[in-house]
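Report on the following structure.
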Amino acid sequence: MELQERLIRAVIDDTGISEMSCECGKPARHVIDEFLDALDRDPGSVVERDWMEGHVLIQSFMMRSAPAVANILMAALSHYVSGDARKALLESLLYLSGGDSEELVAQCQEVIVRGAWIFLEEISSGRSVACASYAFEILEALDEDEWVRMARTRFVDLLPAEMLDPDHR
């Protein structure tokens, strides 16, 4: 097992997701296992937030497992460093950084903000405009205004033009 996989497995165990129930009636861990399997098998098949709908989110309302899933996705960023899998992770984290369940959103944001520098690195890397865009939107959702300002001034050539507008949100 690769070191990054060990990290992901350790975080899965640490979050307690294996003891939680999913909204669909299965153990909550099934959703993250199926998601990670899809990332390994065919990351392009992971469409937007479809994998979370009815399990981690119902429309914009988060379920109890959302903070655990956010933790696991943050750990997975160390393993999936580029490509469609990285894009799917960042997009999923963006969905978990906002929503209508105030307490659960705050818990997810608390997890996600710990890795704010990862999002700035994603923007500055120039690897993917799509990933940079998701990373930027996550920083906006987390109200990391100083980092957003830095991205807008330092990485002008790496972000879509609409994100450079201070009124973007």
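Here are a few things to note about the model shown:
- Accessible surface of the chain, 1.4 Å probe, proportion on carbon and sulfur as whole %: 48
- Here Rg/Rh (Cα atoms, Kirkwood Rh) was computed from the coordinates, and among [x] 1.19; [y] 0.96; [z] 1.07 the match is [y].
- Extension gain for the segment Trp117 to Asp33, taken as residue separation times 0.36 nm less the Cα-Cα distance, is 27.6 nm to one decimal.
- Area accessible to solvent at Trp117, 1.4 Å probe radius, in Å²: 150
- Length-normalised contact order of the stretch 15-96 in % [C-alpha pairs under 8 Å, at least 6 apart]: 31
- Fully extending the segment from Arg49 to Met20 would add 8.4 nm, taking 0.36 nm per residue of separation and subtracting the current Cα-Cα distance.
- Arg149, Arg41, Arg29, Arg127, reordered so the largest accessible area comes first (probe 1.4 Å): Arg41, Arg149, Arg127, Arg29
- The mean sequence separation of alpha-carbon pairs under 8 Å and at least six residues apart, normalised by the residue count of the chain, gives a relative contact order of 17 percent.
- With respect to the chain, whose longest principal axis is taken over its alpha-carbon atoms, helix 129-141 is tilted by about 80°.
- The angle between the Cα long axis of helix 66-76 and the main principal axis of the chain comes to about 70°, on a 0 to 90 degree scale.
- Amide proton proximity set for Ile58, modelled H, under 5 Å, gap of 5+: Met63
- The residues packed around Gln59, meaning those with a beta-carbon under 11 Å from its beta-carbon, carry a net charge of -1 if Lys and Arg are +1 and Asp and Glu are -1.
The values are calculated or read from the model by the stated rules, or taken from the named source; none is laboratory data. Fair warning: this is a prediction, and the values are worked out from it, not measured in the lab. Glycine also receives a Cβ, built like all others from the backbone with ideal geometry; neighbour counts cover every protein chain displayed. Just the protein is used for accessible areas: all its heavy atoms, side chains included, with ligands, DNA and RNA removed. Shrake-Rupley method; radii C 1.70, N 1.55, O 1.52, S 1.80 Å.
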